[in-house]
Structure formats: structure tokens, C-alpha cells
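The values are calculated or read from the model by the stated rules, or taken from the named source; none is laboratory data. The structure presented is a predicted model; accordingly, all values stated were derived computationally and were not measured. Here the Cβ is made from the backbone with ideal geometry for all residues, glycine too, and neighbour counts use every protein chain on show. Keep in mind that these areas ignore ligands, DNA and RNA; they rest on the heavy atoms of the full protein, side chains included. Shrake-Rupley method; radii C 1.70, N 1.55, O 1.52, S 1.80 Å.
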Amino acid sequence: MKAMGPIPAGFRASDDGSLMVGDWRAPDLVAAQGGTPLFAYDRAIVKAQAARFRAAMPPEVALHYAVKANPYAPLVKALAPLVDGFDLASWRELELVREVAGWTLPVSFAGPGKPDFKPDLQAARDLTVNLESEGEFDRFVHGGSDRFAVRVNPPFGLKGSGMKMGGLASQFGVDHDRVPALVRRIVEAGAEWRGLHVYAGSQSLRAEAVIEMQRATVALAGEIAAEVGLTPPEVNLGGGFGIPYFAGDKPLDIGAVSAALTETLSARPVILRDTKFVIELGRWLVGECGVYLTRVIDRKVSRGKTFLVVDGGLHHMLAASGNFGQLLRRNYPVAVAHRFGAEPEEEVSVVGCLCTPLDLLADEVMLPRAEVGDAIAIFCAGAYGLTASPQTFLSQGAAREVLV
Ligand SMILES: *Cc1c(COP(=O)(O)O)cnc(C)c1O
């Protein structure tokens with residue numbers, strides 16, 4: 001038997017023992033949506049998470065949603081009243097935000113290799129381009145863009161985070177010691193300098209690591225500001241807040257992070273006194289709201305091992321499979337949808353319908369018995385789920401999505 005991750009808070013069982021997603025029994029929701037595979041996102045969980053952020057964080061810290069975590073339009077729309085801005089990674093995401101939320105919130109666009117600037121989009125709205133290089137500044141200022149923040153490649157990273165960035169040669173951001181020169185060029189070109197952006201890592205569950213990163217970011221912003229002699233209107237502190245996926249993972253202590261950030265900001269360098277601060281989050285806001293529901297197509301036993309073969313797979317939920325052969329594959333939290341919270345009865349492996357042994361959604365986990373036709377729920381499917389998976393791999397069917 002292998003362990004699985006903790007089921008996110010906010011999910012409960014109905015009187016008859018079914019997993020509830022919002023006000024729906026999961027099997028009813030599947031039927032109402034026309035079947036599986038289905039991503040269901042629970043808006044109450046997103047709301048609660050945003051409220052936790054607001055309750056904990058100092059009021060001068062703005063919250064942005066990083067759309068790439070989950071660009072499902074109804075979810076982005078539901079987030080609009082809960083956040084102070086959107087962080088985008090493509091022009092398409094900008095169009096999406098415009099379609100679903102209108103031009104009500106500030107947006108910023110970060111990421112290497114941005115396609116050429118679209119003047120009509122900036123003209124329409126409060127858009128900041130976060131520059132990833134000097135060359136990008138040349139190209140964009142030539143293309144008519146006039147509002148820039150500089151993404152900084154800092155001399156530090158987010159320790160122990162899932163994806164280390166910072167402190168290294170990087171395609172992201174401008175090396176910190178070259179940032180003052182680029183800021184001067186922005187100002188000399190007559191463009192508006194919006195500030196600094198530091199994104200030093202992702203998926204951290206360690207409050208001390210996040211605290212240290214935020215402290216270092218504020219200090220670095222102060223040094224850069226002092227060198228150019230200007231106050232950055234805004235400093236985006238990045239995010240990196242993680243969620244528990246695997247056995248033994250503990251939630252990030254947001255109270256500790258906010259207490260330390262309050263202290264860091266109250267002791268900030270004078271030149272940052274009028275600076276606004278932003279935290280941009282994707283995974284932490286939406287990761288736990290999503291459940292991937294997939295139906296058992298076949299039960300088979302092979303050399304003593306029971307397999308539940310489902311109609312979904314890694315083409316929708318790559319991360320739960322271990323990302324194409326991760327060395328140390330671990331199990332996401334999983335349940336049988338109509339027997340949520342029932343006692344485990346048998347050891348099974350849940351495998352997807354793709355012709356590759358990598359299509360493993362849960363390996364040797366203990367679950368209540370599930371028959372052909374029953375839905376299996378895979379949790380933590382709200383961020384980097386469907387759009388972060390190779391949906392056309394093996395040309396299997398699409399997944400449905402719904403926000404409840
Ligand atoms: C992906 C990304 C985020 C969101 O990261 P999460 O781990 O989902 O919170 C935020 N900022 C930038 C610049 C990103 O590229």
C-alpha cells in the first residue's frame with residue numbers, strides 16, 4: 001500500500017456518503033454535466049481562500065490572480081471581484097480577462113518570449129508589461145508600449161520550492177545588477193516606469209522560506225530604488241504559496257507569512273514608503289477548489305494486483321500521473337465519489353486510458369470498493385490541471401469543466 005495526499009479542507013460527504021462539490025452530490029453533478037471526465041471547481045472554496053488571504057495579510061498588500069494556473073472562463077470571472085488584478089502570461093489570457101471580466105482591474109503581463117506588443121490592448125486598459133530583458137524593452141517600446149515594470153532576476157531563490165528560480169542564470173527577468181540601467185532607459189525614453197517584479201519560485205509549503213524571500217525582495221527593491229533614485233510605484237513580491245499534494249505535506253502557515261510581511265513592510269526603506277505591494281497567486285487560490293472526476297471503465301486483476309481503468313488520464317491531469325515519469329512519483333488525494341469517507345476496503349491502482357504505463361493516476365492506494373461505472377475523484381485539480389496537460393496526446397476525448 002502507498003500513501004496518498006490529504007483531501008483538501010472544504011470537501012464533505014452528503015447524507016448518503018457521496019462527495020459534495022458545492023451543493024451537488026458528485027454523481028448527480030456528473031449526470032447533469034453529461035458524464036465524465038469532468039473537472040468540477042467549487043467556487044465557495046476559492047472564495048474562502050481569497051478571504052483567508054485578506055484576513056491574514058496587511059491591507060496594503062494587493063492580491064493578483066495568475067491566470068495561467070486555471071484560465072477556465074467562469075472561474076476567472078468568479079475571481080474578478082475577489083482580487084485586485086490579474087497576472088497574464090499571454091495575449092490570449094489578456095483577451096480572456098477582457099471577455100469575462102471587462103476592463104475592471106489592472107493587469108500585468110510577464111513571461112519570456114512575448115509576442116509583439118498589441119497597441120490596441122494597451123490603449124484599452126491599465127496594462128503593465130513586465131520586462132524580461134533589455135531586448136524586450138527595445139522591441140516593445142518600438143511597438144508603442146509605454147508602461148513597463150522590470151522583472152528582476154534576483155540573487156536569491158525561494159528555498160525548497162517546487163521550481164527553483166532566482167540566484168541563477170535565467171530566461172526570466174533581468175539580472176538584478178543590470179536593472180537600474182534598464183529603469184533609467186525606460187524613464188529616458190519617456191515611458192512610464194511602473195515598478196519591479198520578482199518571482200522567485202513556486203509551490204512552497206515552508207513559511208520561513210517565503211518570509212525570507214519576501215524580506216530579501218523588499219531589501220533588493222530598496223537597493224535598486226536607491227541606485228536609480230526613484231520610488232517604484234509598485235513592487236510585485238511574487239507568490240510561491242504552495243498547497244499540500246502528498247502524504248506528509250502540511251499547509252503553508254499563512255498567518256506566519258503575513259505577520260512577518262507586516263513587520264518587513266513597516267521596516268522598509270524610506271524610498272519605498274509610497275510603494276504599493278502585490279502578491280500574485282495561482283495555485284494557492286484555486287488549486288484546492290478543483291476535483292477531476294473520471295469513471296471506472298474496467299476493473300481488472302493482473303498477477304494479484306487490482307487495476308481500476310478509468311475514462312480519463314494524464315492527458316487531462318498530467319501532474320497527478322507524475323509528469324511523464326517523475327523519479328519519485330507520489331499519489332495525489334483520491335476518493336470514490338459516491339463513497340466519500342467510507343472505510344478503505346481494497347488496494348487498487350487507478351490507471352488512465354492512454355496506452356502508456358505512465359498513465360497512472362493513483363498507485364496502490366487503499367479505497368472503498370469501486371465498480372465499473374463509478375466515478376473516482378482526484379483532488380487538487382484546480383490549478384495546472386486541464387490546460388497544463390497534453391490534451392491531444394493519443395487523441396482521446398476532451399474533458400468537461402464546470403464551476404459550481
Ligand atoms: C506561474 C506564475 C505565477 C503563479 O504561480 P503559482 O505557483 O501558481 O502561484 C505567478 N507569477 C508568475 C510570474 C508566474 O509565472
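Counting only protein heavy atoms and using a 1.4 Å probe, the accessible area of Lys114 comes to about 10 Å². One decimal place: the segment Arg184-Ala398 gains 72.2 nm when fully extended, by the rule 0.36 nm per residue minus the C-alpha distance.
Compared with the dominant Cα axis of the chain, that is its longest principal axis, helix 254-266 is turned about 0°. Enclosing the Cα atoms of the chain in their convex hull gives a volume equal to 137 cubic angstrom per residue. Seen against the Cα atoms of the chain and their longest principal axis, helix 43-56 is set at about 40 degrees. Tell me, what is the FRET efficiency for Arg92 and Asp126 to the nearest 0.05, using R0 = 30 angstrom and their Cβ-Cβ distance as r? That pair, Arg92 with Asp126, gives E of 0.95.
Structure remark: mean-square fluctuation, Gaussian network model of the chain, C-alpha springs under 10 Å; the largest value among Gln391, Gln214, Gln203 belongs to Gln391. For segment 230-280, the share of alpha carbon pairs falling in successive 5 Å distance bins from zero is 5, 16, 21, 21, 14, 9, 6, 4, 2, 0 percent. Taking 0.36 nm per residue of separation and subtracting the current Cα-Cα distance, fully stretching the chain between Ala32 and His142 would add 34.5 nm.
Counting Cα-Cα pairs of segment 166-209 in 5 Å increments starting at 0 gives whole-percent bin shares of 5, 17, 23, 18, 16, 11, 6, 4, 1. The Stokes-Einstein estimate for segment 30-142, based on a Kirkwood radius over Cα pairs and taken at 20 °C with 1.002 mPa s viscosity, is a diffusion coefficient of 136 µm²/s.
Equivalent ellipsoid of segment 342-404: semi-axes from √(5λ) of the C-alpha gyration tensor, largest first, are 23, 16, 11 Å.
With contacts taken as Cα pairs under 8 Å at a separation of at least 6 residues, the chain carries a relative contact order of 23 percent. A Gaussian network model of the chain, with springs between Cα atoms under 10 Å, assigns the largest mean-square fluctuation among Leu182, Leu196, Leu88 to Leu182. Counting only protein heavy atoms and a probe of 1.4 Å, the accessible surface of segment 106-281 is 54% carbon and sulfur. Please find, in a Gaussian network model of the chain (springs between Cα atoms separated by less than 10 Å), the residue of Ala110, Ala101, Ala31 whose mean-square fluctuation is greatest. Its mean-square fluctuation being the largest, the pick is Ala31. A straight Cα-to-Cα reach below 17 Å connects Lys77 with the lysines Lys47, Lys68, residues fewer than 8 places away in its own chain not being considered. Excluding ligands, DNA and RNA, the accessible surface per residue across segment 106-281 is 40 Å² with a 1.4 Å probe. From the alpha carbon centroid of segment 203-241 to that of segment 23-100 is 25 Å.
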